[in-house]
Amino acid sequence: MGAAAWTPPADAAERRTADGPAAGSAARFAVISPRDLAASGRIKAGPRGGVGAIPPELEIADIPDRAGTTRPSAPRGANERDDPARAPHGTLRPKTSSVLAGFRGFTDTGVRPPDPIVAAGPDHVVVAVNSSWAVYTKSGTTVFDTTAFGWFLPVLEKVPNGDLVPYDPQVAYDQFRGRWILLYSATDTTSESFLLVSVSSSSDPTGPWFSWALPGDVNGTVPSGNFSDFPALGYDDTAIYVATNQFRYADHGFDYARLRVLAKDALYAGAPTPAWSDFWNLQDPVSGANVHSVRPVRTFGSPGVEYLVGNSPFATRTFVTLWSVAGAGTETPSLSGADVPVTASAAPPRANQQGGSPGTSGCPTPCLIDTGIGVIASAVYRNGSVWLAHTVADQSGAYSRARYARIGIASKSVLEDASFGADGCWYFFPAIAVDAGDNLSMVFGRSCTDAFAGVGLTVRSIADDTLEPSVILKDGLASYVVPVGNGEVVNRWGDFFGAASDPSDPGKIWVFGEYADVSERWSTWIAETAVAFAGGSCAADDMSLCLSDGRFRAAASWKKADGSTGSGQAVPITGDTGYFWFFDASNIEIVAKVLDGCGVNGRFWVFLGGLTNLEVTLTVTDTQANAARTYVNAPGAPFAPVQDTSALPCP
């Protein structure tokens, strides 16, 4: 059943993979700032009918297996990796993961499930749930929080039904331009559908934002007769990408997947009428079957295209489709796709919990926790690979596992593939982030026959390709049996958790997940994590210098007087020296060198020189000792040379 023995049909490369592109634009626009919103009294506003309800879960049935589809790289269960933390006599503590900070986020808002998602910027962490979103300092202080309805009210007031409830949040920090991106969906499922988009005007999330209500029921400008659901947000250095599942107004049946491409320049300039390009009716390039739940990646580096990934639509998932968008921001973008064989998997079972899951009205015993249908809900491009995560069934079908895979872009093949879990437990809704050194962090929900639903974490360091024993970031506190209304009879937990790289420290990852609180309520937990181990972990990329045989990572960021920010582009010169450019590859801005002074004074030395008067933050990280030293050049001041002969301690 190996991939090498299988070749696609001869006509696969010629088969149409989507309709489009079609151009569109819209003019429902507002400028919103946290300060003005608080002054208006609308910061906690909700629909006139009360807190409101998000639309019911719209499931998409698997297509029965058929002949001629892409064959797997390995049989089901071949990638299973048991969690050592759950082994009776196994290793109980991870070797390399480090939880640096943790604090509680939103508690139950009355809107269920929460769907927690997170992004990290230079100084803040932004989190969102189905009802609300908030800004925190990195030490856990709440700076600003609002209902999603109150935030988008200035644009919702411009649509016929201004009481639409925003749901399915997405949030990201665009490290290329130093902007925050916030996305919600809103629909009445009968006649109106909108994608609610906000982008910050700077790297400061407490400043003004530009916001739009973009129609979700058109392809280009042509009415489609369907509404948008389950939006997925990605970006690269050129554009913002929003993929959605489209369901028919008439009967709420699934129609097709759509991708909307939005050029950054107009959005970030606050254009009242931004333009987009739509692709719709996305299909598996081999079988021609309709696909769903396609996920654009969060891009780090400059691969030249934007990648998207989607799971197989068949009952036995033997491949993922790797899509690429070329020409984003032009009048003629193009979309192409290719299937990549992976270890076979199946949709996950629902999860039990400590004490069982007693039934309640509308949900008979056992009222199990819904773990979804196994869609890819987290994807990142970094250092020549696309990394993805989703929930799968274990080989027996009794338990669910958190699965991640790494696809090599050059080879179009799977480089890593692991399904993480343990008998007696259910692992679900994993989200991943990858640091500059290719170290992976994966957050997930977990319940067991002896544990309530909590938030777990595992990591994989570049020095050891095995997932570490899990750590529980936040234990569940009680049983959770809350079947959501709208005619549903399942105990919904949501669709995803969140994980995000920290742009101010390439070795740190922020994660955000949901746990069962007391009294049948949910709460959320935010944590800052890192991967630390013996040996240099630095892997060079566009924004990181790796010095002294990979032991030290140097990364620089800049900030202009107008508040715009960005990351320095790294260029190595020798094993211990390199430089950064900011705006032009021929214009050197900062030169960095790390020397071994251990034999002289027991310290590593850092030398910096610059040709700029911008505000610059440069961090040198000892990846072996998990220690760092940060240097800041004040805005408007000529860069002061650094000769720090006491920078970092030697072993």
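Step by step: first the residues of segment 212-228, then only those that are touching a Lys or Arg at 6+ places or on another chain (Cβ under 9 Å) and either surrounded by fewer than 24 Cβ atoms within 10 Å (Cβ to Cβ) or of a type in the set (A, V, I, L, M) (or both), then the one that is farthest from Trp276 (Cα to Cα). Which residue is that? If we take residues in segment 212-228 being touching a Lys or Arg at 6+ places or on another chain (Cβ under 9 Å) and either surrounded by fewer than 24 Cβ atoms within 10 Å (Cβ to Cβ) or of a type in the set (A, V, I, L, M) (or both), then Gly225 is farthest from Trp276 (Cα to Cα).
When segment 502-526 is filtered for residues that are surrounded by fewer than 24 Cβ atoms within 10 Å (Cβ to Cβ), in a strand (DSSP E or B) and among the small types (Gly, Ala, Ser), only Ser523 remains. Scan segment 422-436 for residues that are among the acidic types (Asp, Glu) and surrounded by fewer than 24 Cβ atoms within 10 Å (Cβ to Cβ) and report the count. Qualifying residue count, segment 422-436: 1.
Listed conditions (1) out of contact with any Gly (no Cβ under 8 Å at 6 or more places or on another chain); (2) closer than 24 Å to Phe496 by Cβ; (3) touching a residue at least 60 places away in the same chain (Cβ under 8 Å) are all met by Pro208, apart from (2).
Every residue in segment 618-639 that is touching a residue at least 24 places away in the same chain (Cβ under 8 Å), over 19 Å from Cys546 (Cβ atoms) and either outside the structural domain of Ala556 (by TED's automatic domain parsing) or not aromatic (Phe, Trp, Tyr) (or both), please.
Pass one, segment 618-639, residues touching a residue at least 24 places away in the same chain (Cβ under 8 Å): 618-626, 628, 631, 635-639.
So of that shortlist, the ones also over 19 Å from Cys546 (Cβ atoms) come out as 635-639.
If the condition is that a residue be touching a residue at least 24 places away in the same chain (Cβ under 8 Å), over 19 Å from Cys546 (Cβ atoms) and either outside the structural domain of Ala556 (by TED's automatic domain parsing) or not aromatic (Phe, Trp, Tyr) (or both), then Pro635, Gly636, Ala637, Pro638 are the ones that fit.
For segment 431-481, taking the residues that are touching a Gly at 6+ places or on another chain (Cβ under 8 Å) and of a type in the set (Lys, Arg), the one that is farthest from Arg521 (Cα to Cα) is identified as Arg446.
Number of residues in segment 532-562 that are at pLDDT 85 or above and touching a Pro at 6+ places or on another chain (Cβ under 9 Å) equals 11. Out of all the residues in segment 36-49, which are surrounded by fewer than 17 Cβ atoms within 10 Å (Cβ to Cβ) and modelled with pLDDT of 85 or more? If the condition is that a residue be surrounded by fewer than 17 Cβ atoms within 10 Å (Cβ to Cβ) and modelled with pLDDT of 85 or more, then Asp36 is the only one that fits.
The set of residues in segment 542-561 being part of a loop (DSSP other than H, G, I, E, B), of a type in the set (D, E, K, R) and within 23 Å of Cys650 (Cα to Cα) consists of Asp549, Arg551. Kindly establish whether Thr577 is polar (S, T, N, Q) and over 18 Å from Asp644 (Cα atoms). Spelling it out, it is not the case that Thr577 is polar (S, T, N, Q) and over 18 Å from Asp644 (Cα atoms). Looking across segment 50-76, the residues that are assigned to a loop (DSSP other than H, G, I, E, B), modelled with pLDDT of 90 or more and either under 26 Å from the mean Cα position of the chain (by Cα) or surrounded by 14 or more Cβ atoms within 10 Å (Cβ to Cβ) (or both) come down to Ile60, Ala61, Asp62, Thr69, Thr70, Arg71, Pro72, Ser73, Arg76.
The values are calculated or read from the model by the stated rules, or taken from the named source; none is laboratory data. Just so it is clear, the structure is predicted and the values come from calculations on it, not from any experiment. In this analysis, Cβ positions are derived from the backbone assuming ideal geometry, glycine residues included, and neighbour counts consider all displayed protein chains.
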